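Peer 1: Take a look at this one; I'll ask things after.
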Amino acid sequence: MEQYGEKDVIILAIETSCDETAASVVKNGRKVLSNVIYTQIALHTRFGGVVPEIASRKHIEKINQVIREALDQAEVTLQDITAVAVTCGPGLVGALLVGVSEAKAISFAAGIPLVGVHHISGHISANYIEHEDLEPPFVCLVASGGHSHLVVVRDYGQYEIIGRTRDDAAGEAFDKVARAIGLGYPGGPKIDRISKEGNPEAIPFPRAKVADNEYDFSFSGLKSAVLNYLNSCQMKGERYSQADVAASFQKAVIDVLVEHSLHAVKAYGYDKFAIAGGVASNSSLRETFQRECAAREIAFYSPSPLLCTDNAAMIGSAGYYEYVRGVRSGYDLNAVPNLKLDAV
Ligand code: KG4
Ligand code: ZN
């Protein structure tokens, strides 16, 4: 059993913002004692994407079991828990509400503080779990299904967004292109896999620049270019290679993410860079950042793939830093679907 003393801060963390029902016990922000994830992916696959109403219902069904498993695997009881941290936004409102209500009930029943956590702050904090040496400030690229942000992490929980997407998030583009070429949901991991058999130089898809902010992203033009390419193949009666389209699309996304991110790291004068969010689990993106950061003498950090996609351990880490800063949420804590990163 993991040893802990009175001074240790043990956080029970809950995450239900989308299609993963997750709970975790984290010690002092960096040591994961348990990380239980019930994924609903199989349930949503036949609809081609997440159905919010189904997600909320499944969270309700699973949440108690997932929390019980997290406590059991960590070999703790509620008496050992210092505070309960929960994702309060952004995300699907009905899904978020399940976690927030559960966390309030536990906080009240066990008489322990409640800490609302921003989902993106969680994704960024996933980097602290496996990198004991990582401390702010650094630049972080957050690329998930809902967000593509370039963030300067000034201090724990202190963020400045310097770039964002003007239209689709990177993960959303992966999901839409995967659907268009018949790979289905969830698109990201499927494109990642099939791209290994394709030629990333086969089709010259565009690398979009955004005129008035060099750190902003735009992926809708790339998505349209892929759709146009598929259409023109169909009109000409030509077959296209799924693997070449996937690999060329993936390379176009990665090129832009890498160029903007590493330009920002240098321009802002930092020497540390991290990635976060579901898209950060992409194998080619990880290899490319590894190589390009090494070439520029930038220290590169990434969570392992399981901690890139939605989980509660990352919320436990972010929640710890909020807790030690003195942040406490009241029982009026609400689920906020479009919560801003600096508004918790
Ligand atoms: O962070 P996340 O789990 O949930 C959100 O907060 O959105 O990210 C999910 C997104 C989805 O769009 C999914 O297709 C994408 O991350 N994703 C990937 C990979 N694994 C997940 N994208 C590219 N390559 C992957 N291996
Ligand atoms: Zn997420």
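Peer 1: Pick from ALA105, ALA110: which is free of Cβ contacts under 8 Å to residues at least 12 places away in the same chain and more than 23 Å from PRO305 (Cα to Cα)?
Peer 2: Numbers: ALA110 fails: free of Cβ contacts under 8 Å to residues at least 12 places away in the same chain.
Step by step, each of ALA105, ALA110 is checked, and only ALA105 is free of Cβ contacts under 8 Å to residues at least 12 places away in the same chain and more than 23 Å from PRO305 (Cα to Cα).
Peer 1: Sticking with this structure for a sec: Looking only at region 305-344, filter to residues that are acidic (Asp, Glu) and in contact with a helix residue (DSSP H, G or I) (Cβ under 9 Å, 6 or more places away or on another chain); which one of those is surrounded by the fewest Cβ atoms within 10 Å (Cβ to Cβ)? Before you say what the answer is, go through the steps one by one.
Peer 2: Step one: list which residues in region 305-344 are acidic (Asp, Glu), which gives 310, 322, 332, 342.
Imposing the further condition that a residue be in contact with a helix residue (DSSP H, G or I) (Cβ under 9 Å, 6 or more places away or on another chain) reduces the set to 310, 322.
Values: ASP310: 26, GLU322: 24.
Step by step, filter region 305-344, then rank; the result is GLU322.
Peer 1: What is the residue count in region 276-333 for residues that are more than 14 Å from ligand 1 (Cβ to nearest atom), under 23 Å from GLU102 (Cβ atoms) and hydroxyl-bearing (Ser, Thr, Tyr)?
Peer 2: Of the residues in region 276-333, 6 are more than 14 Å from ligand 1 (Cβ to nearest atom), under 23 Å from GLU102 (Cβ atoms) and hydroxyl-bearing (Ser, Thr, Tyr).
Peer 1: Scan region 299-344 residue by residue and report those that are among the aromatic types (Phe, Trp, Tyr) and in contact with a Leu (Cβ under 8 Å, 6 or more places away or on another chain).
Peer 2: Step one: filter region 299-344 for residues among the aromatic types (Phe, Trp, Tyr), giving 300-301, 320-321, 323, 331.
Within region 299-344, TYR301, TYR331 meet the criteria.
Peer 1: Further, regarding this structure: Would you tally the residues in region 247-260 being in contact with a Gly (Cβ under 9 Å, 6 or more places away or on another chain) and farther than 14 Å from ALA225 by Cβ?
Peer 2: Here is the first cut: in region 247-260, the residues in contact with a Gly (Cβ under 9 Å, 6 or more places away or on another chain) are 247-248, 250, 260.
Filter again for farther than 14 Å from ALA225 by Cβ, leaving 247, 260.
Number satisfying all stated conditions: 2.
Peer 1: If only one of PHE249, PHE289 is surrounded by 23 or more Cβ atoms within 10 Å (Cβ to Cβ), over 19 Å from the mean Cα position of the chain (by Cα) and within 19 Å of ALA169 (Cβ to Cβ), which one is it?
Peer 2: Working: PHE289 fails: over 19 Å from the mean Cα position of the chain (by Cα).
Only one candidate qualifies: PHE249.
Peer 1: Right, ARG207: under 28 Å from VAL142 (Cβ atoms) and charged (D, E, K, R) or not? Steps first, answer last, please.
Peer 2: Details: under 28 Å from VAL142 (Cβ atoms): yes; charged (D, E, K, R): yes.
Answer is yes for this residue.
Peer 1: If I filter region 76-99 for residues that are within 15 Å of the chain's Cα centre (by Cα) and more than 16 Å from ligand 2 (Cβ to nearest atom), do I get at least one hit?
Peer 2: Among the residues of region 76-99, not one is within 15 Å of the chain's Cα centre (by Cα) and more than 16 Å from ligand 2 (Cβ to nearest atom), which makes the answer no.
Peer 1: Kindly check whether there is at least one residue in region 292-301 that is in contact with a Phe, Trp or Tyr (Cβ under 9 Å, 6 or more places away or on another chain), of a type outside the set (D, E, K, R) and within 16 Å of ligand 2 (Cβ to nearest atom).
Peer 2: No, there is no match, as no residue in region 292-301 is in contact with a Phe, Trp or Tyr (Cβ under 9 Å, 6 or more places away or on another chain), of a type outside the set (D, E, K, R) and within 16 Å of ligand 2 (Cβ to nearest atom).
Peer 1: Let me ask another. Does region 66-86 contain at least one residue that is crowded, with 24+ Cβ neighbours inside 10 Å, hydroxyl-bearing (Ser, Thr, Tyr) and touching a residue at least 12 places away in the same chain (Cβ under 8 Å)?
Peer 2: No; the residues of region 66-86 include none that is crowded, with 24+ Cβ neighbours inside 10 Å, hydroxyl-bearing (Ser, Thr, Tyr) and touching a residue at least 12 places away in the same chain (Cβ under 8 Å).
Peer 1: In region 149-164, what residues are within 18 Å of PHE289 (Cβ to Cβ) and within 16 Å of ligand 2 (Cβ to nearest atom)?
Peer 2: Looking only at region 149-164, we keep the residues that are within 18 Å of PHE289 (Cβ to Cβ), and these are 149-153, 162-163.
Correct list: HIS149, VAL151.
Peer 1: Please determine whether any residue of region 126-148 is out of contact with any Lys or Arg (no Cβ under 7 Å at 6 or more places or on another chain), within 15 Å of ligand 2 (Cβ to nearest atom) and of a type in the set (Asp, Glu).
Peer 2: no
Peer 1: Here's another thing I want to ask about it. Tell me which of these HIS44 doesn't satisfy, since it passes every other one: (1) crowded, with 21+ Cβ neighbours inside 10 Å; (2) under 16 Å from PRO186 (Cβ atoms).
Peer 2: Among (1) crowded, with 21+ Cβ neighbours inside 10 Å; (2) under 16 Å from PRO186 (Cβ atoms), HIS44 violates only (1).
Peer 1: Just name the residue that is nearest to ligand 1 (Cβ to nearest atom) out of those in region 140-149 that are in contact with a strand residue (DSSP E or B) (Cβ under 6 Å, 6 or more places away or on another chain) and closer than 27 Å to TYR323 by Cβ. Can you show your working first?
Peer 2: Step one: filter region 140-149 for residues in contact with a strand residue (DSSP E or B) (Cβ under 6 Å, 6 or more places away or on another chain), giving 140-142, 148-149.
With closer than 27 Å to TYR323 by Cβ added as a condition, the list becomes 140-142, 149.
Working: CYS140: 13, LEU141: 12, VAL142: 8, HIS149: 11 Å.
So, considering only residues that are in contact with a strand residue (DSSP E or B) (Cβ under 6 Å, 6 or more places away or on another chain) and closer than 27 Å to TYR323 by Cβ, the one nearest to ligand 1 (Cβ to nearest atom) is VAL142.
Peer 1: Considering region 192-223 alone, what residues qualify as being more than 13 Å from VAL245 (Cα to Cα) and aliphatic (A, V, I, L, M)?
Peer 2: Passing the criteria: ALA208, VAL210, ALA211.
Readers should treat all values here as calculations from the given coordinates under stated rules, not as data from a laboratory. Bear in mind that the values here come from a model prediction, so they are computed numbers and not experimental data. Neighbour counts are summed over all protein chains in view; Cβ atoms, including those assigned to glycine, are modelled from backbone coordinates with ideal geometry.
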